[in-house]
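For reference, the structure discussed in these notes is given below.
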Amino acid sequence: MSETNEVEAITGRGRFRRWGRAARRFALRARDVWPLTWLGLFVASASAWALIAVGIKRVDLLLLVIGGVGCVLAALSLLFTAITGAALYFSLRRRPVVETDALRLECGHGTRTGFSLPSLWWVPFVQLSWTWLMPDVEVRVRKVKGRVYEEITPSRRGLREEVVRRIEVRDVFGLAKVAFQIREKRDVRFVPSMGALKSMHVVRSMSGGSDITHPDGPQDGERMDMRNYNPGDPIRFVLWKVFARSRQLVVRTPERALSPVRQTVAYLVSGDGDEPAAGAARVAVDTGALGSEWVLGTDGSPENARSKGQAIELLARSAEASADDGGEGLARFLRTAVPGSNGRAVVFVPGRPGPWLAKVVAAARARATQGHGSPVEFIVCTDGVQPEPKKAQRFSRWLERRSAAVVPGGGMPRSDELAKVVDALASARARVLIVDRRAGRCFDGAYRQAVTNAVATASLAKSAGGTR
């Protein structure tokens, strides 16, 4: 295929994707505006048939009454729902724009937003509910004196400049429903939850001896520099002549013979189930576990963070990266973050495999083979591990996928998924650490080997049972 044909094919695919997205948006809008539900359409059709075809033509009094009641009920539900939905929509559109405070929350912690609607207790057959389309939150409502107040609990980190709500008006029988979207200009920043993690020591301490430098420690020279005395300093290094003149205690300190860059670079990989990884990265930043000099990068952002405030913003913005682009920028980050230094690279990854895994392993192997600094160290983050099911029915698997889709980034990886991730990362000659955010514990290679052995034992037992 020539280059022109390739360009035309790519352009054609992109055009079809745009058309597909536009058709999907139109179908969703039409579904929200159409007032009858499938149940309402069935009840209205069956009631009309019972009333006209049987009740009136055949003079069946029972079906005449049943059909008439069904038609009246469907008509009233449709009428009240449509009128209430239209009135509520236009009243919200005419609502004056009021400047509201920015929402800055940690995932898993709820608060009131100040948004409220009338409870509609005076309208018969009508119920009111709403959800957030973006960002991803869990909405609860509280009725207070004829109004319904909104309480939200963020379920995924995010950084937005507006809130999109989907308000739904339906009848109590489920026969009619209308929905519409309302946008509110409001700064929203949801940061990942730290869970039960209190600290994370990902930087090994490097210390030198008093007289002879440790091989892994800094290379220091003679004691030619000076600094103020601190409790615990050896008294033999105090400069008493300086103390006699200035009445200040100063000590001799070794001059720095070499000044290597002791820097830790950290990276967050986005993917399915990446909320624990984002929370662990936040713990490392907040507690200073990355050391005094560090650089943080994330998927979905070409910029890097070197301060705590920048890091929190970057972690919140990383939720915008798609799952297919996870791990895309790790190789570039490892090449450019600390070029020519002896810094350490720590990568926070999800506990569930995805498109990011092959890219991350390739970047780690490239760093190991090219000799750019120390090998990459991976921190696999989870919210616990669920055992591999023995027999999963088709409906239960479908239900699990649906529940995982409701809360993006949530859910626990299975033991076989965790073992797959850890084995793939360990094959790149990297150190792997497993962090359980919910339990607040860190596990080393022994725990990884135990998970791998458990999965292997389960596979052998399954194959042995199948051969009997």
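The values are calculated or read from the model by the stated rules, or taken from the named source; none is laboratory data. Remember, predicted model here, so these are calculated numbers, not experimental data. FYI the Cβ positions are ideal-geometry reconstructions off the backbone, even for glycines, and counts take in every protein chain you see.
Going through (1) under 25 Å from Val380 (Cβ atoms); (2) modelled with pLDDT under 90 one by one, Pro276 falls short only on (2).
Name the residue, out of Val69, Val123, that is touching a helix residue (DSSP H, G or I) at 6+ places or on another chain (Cβ under 8 Å), outside any loop (DSSP other than H, G, I, E, B) and either assigned by TED's automatic domain parsing to the domain that holds Lys177 or closer than 21 Å to Gly158 by Cα (or both). The conditions single out Val69. Looking across Ala102, Ala74, one residue alone is touching a residue at least 24 places away in the same chain (Cβ under 8 Å) and loosely packed, with under 14 Cβ neighbours inside 10 Å. It is Ala102. Candidates are the residues of region 40-71 that are farther than 20 Å from Leu175 by Cα and of a type in the set (Val, Ile, Thr); the one that is surrounded by the most Cβ atoms within 10 Å (Cβ to Cβ) is Val54.
Within region 239-250, residues that are in the same structural domain as Tyr229 (by TED's automatic domain parsing) reach partners that are basic (Lys, Arg) with beta carbons closer than 7 Å, at six or more positions or on different chains, in the pairs Leu239/Arg252; Val250/Arg227.
Any residue at all in region 286-306 that is over 18 Å from Cys381 (Cα atoms), in a helix (DSSP H, G or I) and not polar (S, T, N, Q)? Within region 286-306, not a single residue is over 18 Å from Cys381 (Cα atoms), in a helix (DSSP H, G or I) and not polar (S, T, N, Q).
Taking each residue of region 270-286 that is outside the structural domain of His109 (by TED's automatic domain parsing) and among the basic types (Lys, Arg) and looking for partners that are modelled with pLDDT of 90 or more and surrounded by 24 or more Cβ atoms within 10 Å (Cβ to Cβ) with beta-carbon atoms closer than 8 Å, six or more apart or interchain, yields Arg282/Pro192; Arg282/Ala311; Arg282/Leu315.
On the stretch given as region 195-232, residues that are modelled with pLDDT of 80 or more and either under 26 Å from Thr131 (Cβ atoms) or more than 26 Å from the chain's Cα centre (by Cα) (or both) total 1. Against the conditions (1) within 29 Å of the chain's Cα centre (by Cα); (2) modelled with pLDDT under 90; (3) not aromatic (Phe, Trp, Tyr), Val98 satisfies every one except (1).
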